[in-house]
Each structure stands twice: as structure tokens, then as C-alpha cells.
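Here is the structure we will look at, set down as C-alpha cells.
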Amino acid sequence: MKIEISLSIVIAISTVLYTVISLMLWYESRKSRKQKIEPHIVAFLKSSENHKTLELHIKNIGEGHAKNVNILVLHDYNQFGKELKSLSNLGAMKNGFNSFPPEYEIKYYVHDYSEIYDNDKNEFIKLKIDYKGTDNRKFTEEFHLPFNQLFGQNYSNPPETFIGQIPFYLNEINTTLKNKKI
């Protein structure tokens, strides 16, 4: 009789544990499925390949498609110091984007590094990005992008990537040809 009660208790505990583990697996697979359709748009600053120009990049790093993307510039900056070329009046910032697929990226040139370092060291860009996923869930991201965080980074000359080496060596060839008097 004691053996039957003990076995029944063991079976009951095993069933409860199995149910809990099954629920956890179901929850994880549900999260994983959502991740496959969820967009994630980020904004970041990056130097150009030749490290002379600061660039603003907006990219969908998520696996899902984003739609109705609106980019609101909360703290503006004049592109290359020109008042008529503020970031808020350019492309996606002004008009938004209807469709932003995964891994899609847009890029805006901001200013020359030397000019920023000399005059606008403490400047920044602040953006608010609103968008929807394919399931119509709304997402909002806000980015505060200070310029001075990029100063002092090391880079190699020639660039490390093959894509970066192509313009570098073409520029070297061009300089050599200009110096030769034919």
C-alpha cells in the first residue's frame, strides 16, 4: 500500500514538472516566433570608410519588416554647417518610410570630422523613431547620439576591410599619377 502511494506521488510530481517544463518551452517558442517577425530599428553614428566624415545610420537590425516608419528629429543638426540642409529636412526624416525591410539601412553624411572636432565637439543628434511591425504592433525608440563619443578611435591606414582598401589604393595611384609629369 505504501509503495502504491509513493508511486502515485512520484507520478503526480513528475506530471506537474512535465507540465511546467512544457509551458516554459511553449513560452520560449512563442517568443522565438515573435522575434522572427519583429522589426528593430536603430540609429547610430559611424565614421566614413576614409574616417573623414561623420555619418548617421538608421538600420533595421530585427528579423521582421517595419512599416510606417516616422523619424522625428528632437535635436537637429545642420548637415555640413549649412542652414538649408538640416537633418530634419532630409529624406526619411521629412517624409518617413512606408517600408523598411530587415537589414535595410539608410545613411546621411553629417559633417567633416575635423570641423566637428574644432567647433561642434559637444553637439549631438537626438531622434525618436516610431514604426509598426507586420502585425501592427507599435514600436518607439529614442536615440541620443553625442558626437564626442566617436573621437579618439583608432583606425588602420590602409583600412582593414577590402572594400575600404579599394578607394584607399585608388587614391594612392591617383596621387602618384598626378605627381608624375608625363
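The values are calculated or read from the model by the stated rules, or taken from the named source; none is laboratory data. Note that the coordinates shown come from a computational prediction; the quantities given were computed from them, not determined experimentally. Because the Cβ atoms are built from the backbone with ideal geometry, glycine has one as well, and the counts that use them run over all protein chains shown. Heads up: the accessible areas ignore ligands, DNA and RNA and are worked out on the full protein's heavy atoms, side chains in. Shrake-Rupley method; radii C 1.70, N 1.55, O 1.52, S 1.80 Å.
Using a Förster distance of 22 Å, how high is the FRET efficiency between S48 and E142, based on the Cβ-Cβ distance and rounded to 0.05? Can you show the working numbers first?
Numbers: r = 25 Å, r/R0 = 1.15.
About 0.30, to the nearest 0.05.
Strictly over 28 Å apart at the Cα level, which of K46/K94; K107/K178; K107/K132; K82/K126; K34/K67; K82/K107 would you flag in this model?
K107/K178
How big, in percent, is the set of alpha carbon pairs in the chain lying more than 22 Å apart?
In whole percent, the share of Cα-Cα pairs in the chain beyond 22 Å is 63.
Students sometimes get this wrong: rank I58, I3 by accessible area, probe 1.4 Å, all chains present, largest first. Show your work: numbers first, answer last.
Details: I58 0, I3 125 Å².
Most to least solvent-accessible, the answer reads I3, I58.
Can you figure out the FRET efficiency of E160 with K82, using R₀ = 22 Å and their beta-carbon distance, to the nearest 0.05?
In this case the efficiency is close to 0.10.
Simple spin-label model, 7 Å along Cα-to-Cβ: I5 to Y117 in nm?
8.2 nm
Give the range of the longest stretch in the chain that excludes all trypsin sites (Lys or Arg not before Pro) found in loop regions by DSSP and having at most 16 other beta-carbon atoms within 10 Å.
Excluding the exposed sites themselves, the longest stretch runs over 1-51.
Using DSSP to define loop residues, name the GluC sites (Glu not before Pro) in region 1-107 whose beta-carbon has at most 11 other beta-carbon atoms within 10 Å.
Hits after loop and neighbour filter: E103.
Given a 1.4 Å probe and the protein chains all in place, what does the accessible area of H144 round to, in Å² to the nearest 10?
That residue has around 100 Å² of solvent-accessible surface.
Could you give the length gained on full extension between K126 and N179, defined as 0.36 nm per residue of separation minus the Cα-Cα distance, in nm?
Stretched out fully, the K126 to N179 stretch lengthens by 14.6 nm.
Give me the Debye-computed log₁₀ of I(q)/I(0) at q = 0.20, 0.22, 0.24 Å⁻¹ for region 9-95, equal point scatterers on Cα only, no solvent, two decimals.
Scattering profile of region 9-95, log10 relative to I(0): -1.02, -1.10, -1.18.
How large is the accessible surface of D130 in square angstrom, using a 1.4 angstrom probe and rounding to the nearest 10?
Answer for D130: close to 50 Å² accessible.
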